[in-house]
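No value in this document is a laboratory result; all are computed from the given coordinates. Please read these numbers as outputs of a predicted model, since none were measured by experiment. No Cβ is skipped: glycine too gets one built from the backbone with ideal geometry, and neighbour counts run over all protein chains shown.
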Ligand code: COA
């Protein structure tokens, strides 16, 4: 996520209706497992996949966030289940994968949306802080893919290039240039993109599994944006620039639907940028001193306040 680009908060004009352009049955009969599927972008992809026919399993670390998300999905008629687990633990990955297949009978789509992030200068980041984000984003993504392979390559999915399953890795654009105070996430997401391409080649060839990614820009109302562009951020770092605005979670979910549906059958090994062209502009700088205090405050808040789906919420 490109943090120091100037951002406009608020709704994007002309996209209020949020009606899906896809047929409601494009994912009928599919089973999707989403890490980080209980909040933010992951939850929106869960919702849209579910509304388009898929059964949804979500994996996350916090029980309350999972319970609220599952309840919100079921209230919309979506078949959904939540499993507690940390993508950093291989045994969790294996257990959740197995439980998903036991519950729904198969696995067709894995979405790696779990991620860790905080603002910090390279000078202030400990090697363990760097490793923590690499472990969640990069190693976690590989671990989930690795554990999913035996399920994704199995099964009768008909003829054509989508006989195997699909993997979708949520990435970022940070590493396309350089991004202030995001050395850990930039490195982790660069690795994720590389994993996407390598697996697309190997597993596309060997198992007909398509592996793609989505690199979102800053998306409104997500834990990521709340952490990286918090309200406390100095307002001059968030001045309005006419071309740029926050994206919607829906924008990312529609890209995910395209990649997961028949429409994306010939797309393999790509990471689709969905950021309104934001990464092409120059990253904005804020003072390192401001980042120090800001980041600690935001991290404290993210651990004490719920960041998932509000209980009883619908879309
Ligand atoms: N600034 C600098 N270092 C930080 C930090 C911050 N704001 N937050 C955490 N760290 C460092 C810690 O100091 C620690 O390093 P140390 O042992 O050398 O001191 C290391 O990161 C691990 O922290 P810890 O709190 O043990 O990790 P955790 O596993 O409990 O939490 C995080 C992982 C830090 C990524 C946490 O933010 C998280 O759980 N995030 C998930 C949600 C999220 O980030 N969503 C946004 C998605 S874009």
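Enter the Cα centre distance for the pair the stretch 72-147 and the stretch 252-291, rounded to the nearest angstrom.
The stretch 72-147 and the stretch 252-291 have Cα centres spaced 19 Å from each other.
Using Cβ counts within 10 Å as a stand-in for footprinting exposure, how do 97, 134, 59 rank, fewest first? If you can, show how the numbers build up before the last one.
Numbers: 97 25, 134 17, 59 31.
With the fewest neighbours first, 97, 134, 59 line up as 134, 97, 59.
Kirkwood-based Rg over Rh for the stretch 21-302 (C-alpha set), two decimals?
Numbers: Rg = 18.3 Å, Rh = 19.0 Å.
Rg divided by Rh gives 0.96.
Using mean Cβ contacts within 10 Å as the protection proxy, how do 69-76, 209-216, 298-305 order, highest first? Walk me through the numbers before you get to the answer.
Details: 69-76: 19.2, 209-216: 25.9, 298-305: 12.4.
Ranking the peptides 69-76, 209-216, 298-305 by packing returns 209-216, 69-76, 298-305.
In Å, what Rg and Dmax follow from the Cα atoms of the stretch 23-120?
Just the Cα atoms of the stretch 23-120 yield Rg and Dmax of 12.7, 43 Å.
Kindly give the semi-axes, whole Å and largest first, of the ellipsoid equivalent to the stretch 106-157, taking each as the square root of 5 times a Cα gyration tensor eigenvalue.
Numbers: eigenvalues 213, 18, 5 Å².
Over the Cα atoms of the stretch 106-157, the ellipsoid semi-axes are 33, 10, 5 Å.
Taking neighbour Cβ counts within 10 Å as the exposure measure, how do 20, 179 sort from fewest upward? Please report the intermediate quantities before stating the final value.
On the way: 20 14, 179 22.
With the fewest neighbours first, 20, 179 line up as 20, 179.
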